[in-house]
Amino acid sequence: MRRICVFCGSSFGDKPDYAASAEAMGRLIAQSGLGLVYGGGNVGLMGVVADAALKAGGEVIGVIPEAMMKWEVGHLDLTELRVVASMHERKATMAELADGFIALAGGIGTMEELFEVWTWGQLGLHAKPLGFLDVGGFYSHLHAFLDHMTGEGFLKPRHRDMVMVESDPVALLTRMRGYAPPATIQVIDRLTT
Ligand code: AMP
């Protein structure tokens with residue numbers, strides 16, 4: 001793995017633990033010699049993870065739609081800030097630049113981004129690891145629902161198992177490094193879909 005993409009809240013959340021874990025994750029990514037790819041904002045947990053990785057001497061690439069730059073939420077001190085035309089281009093660019101994806105605590109934007117790359121993985125469009133950093137049980141209800149989805153026959157166990165959940169950044173990154181995609185997945189050429 002060379003770069004990790006982090007999806008996380010554009011808010012801080014109500015507990016200091018969320019920002020503390022975003023800081024720990026950003027620092028760890030940089031200290032592990034990995035680059036950080038993220039949404040390019042300087043707001044909420046997004047700004048925290050980027051600043052922590054920069055402070056630890058890491059490469060940080062932000063990918064932000066032009067419309068968001070106009071709201072002046074772009075982080076201007078990154079290694080590289082790519083300004084793209086649309087949200088779709090942003091997600092495709094982040095997915096291409098990164099070799100793995102982590103969701104920290106966040107809102108619907110974070111969910112949408114992680115679920116999209118998970119869906120791409122389910123289809124075999126990529127074979128990159130996916131993980132949730134679960135701080136204080138923030139994601140416990142979501143994962144109970146995903147188990148329910150699996151039990152009801154809508155999510156295959158092998159696809160459910162593609163996503164790793166850990167509360168400790170080191171444990172999560174270690175598991176992601178050892179990830180092996182489901183054997184049945186065929187990597188489909190994106191151009192053919
Ligand atoms: P949310 O979890 O709803 O706060 O959305 C956060 C995710 O959506 C991030 O990973 C970003 O890619 C994107 N996003 C949402 N709001 C912003 C913002 N103000 N600036 C930059 N990106 C944002």
Would you mind listing the helices (runs of 4 or more DSSP H) fully within the range 52-131 where at least 2 residues are under 25 Å from SER32 (Cβ atoms)?
87-97, 108-122
Need the failing condition index for SER86 against (1) within 14 Å of the ligand (Cβ to nearest atom); (2) within 25 Å of MET164 (Cβ to Cβ); (3) small (Gly, Ala, Ser), just the number.
(2)
For the range 4-22, how many residues are buried (at least 19 other Cβ atoms within 10 Å of the Cβ) and either in contact with an Asp or Glu (Cβ under 8 Å, 6 or more places away or on another chain) or over 26 Å from TRP71 (Cα atoms) (or both)?
3
Which residue, of MET149, MET87, MET94, is open to solvent by 40 Å² or more (accessible area, probe 1.4 Å), in contact (Cβ under 8 Å) with a residue 12 or more places away in the chain and not small (Gly, Ala, Ser)?
MET87
If you take the residues in the range 113-136 that are acidic (Asp, Glu) and touching a strand residue (DSSP E or B) at 6+ places or on another chain (Cβ under 9 Å), which one is nearest to the ligand (Cβ to nearest atom)?
GLU113
Residue within the range 57-64 that is open to solvent by 40 Å² or more (accessible area, probe 1.4 Å), within 23 Å of MET176 (Cα to Cα) and free of Cβ contacts under 8 Å to residues at least 60 places away in the same chain present
yes
How many residues are within 11 Å of the ligand (Cβ to nearest atom) and in contact with a Pro (Cβ under 8 Å, 6 or more places away or on another chain) when one looks only at the range 89-112?
2
When the range 99-110 is examined, which residues are found to be in contact (Cβ under 8 Å) with a residue 12 or more places away in the chain and either of a type outside the set (Gly, Ala, Ser) or within 17 Å of LYS128 (Cα to Cα) (or both)?
ASP99, GLY100, PHE101, ILE102, ALA103, LEU104, THR110
Mind checking which pairs have a first residue in the range 115-126 that is under 19 Å from PRO157 (Cβ atoms) and a second that is charged (D, E, K, R) and crowded, with 16+ Cβ neighbours inside 10 Å, Cβ under 7 Å, 6 or more apart or different chains?
GLY121/LYS128
Looking at the range 39-49, can you tell me whether even one residue there is open to solvent by less than 40 Å² (accessible area, probe 1.4 Å), within 19 Å of GLU116 (Cα to Cα) and assigned to a helix (DSSP H, G or I)?
yes
Residues in the range 2-28 that are at negative phi, touching a residue at least 60 places away in the same chain (Cβ under 8 Å) and in a loop (DSSP other than H, G, I, E, B): how many?
6
Picking from LEU54, LEU34, LEU78, which residue would you name as being closer than 15 Å to MET94 by Cβ and away from the ligand (no atom under 15 Å from the Cβ)?
LEU34
Any hit, the range 119-140, residues being aromatic (Phe, Trp, Tyr) and either surrounded by fewer than 15 Cβ atoms within 10 Å (Cβ to Cβ) or touching a Leu at 6+ places or on another chain (Cβ under 6 Å) (or both):
no
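The values are calculated or read from the model by the stated rules, or taken from the named source; none is laboratory data. Just so we're clear, the structure is a prediction, and the values are computed from it rather than from any experiment. A quick note on method: Cβ atoms are made from the backbone with ideal geometry, for glycine too, and the neighbour counts reach across all protein chains shown. Heavy atoms of the whole protein, side chains included, go into the accessibility calculation; ligands, DNA and RNA do not. Shrake-Rupley method; radii C 1.70, N 1.55, O 1.52, S 1.80 Å.
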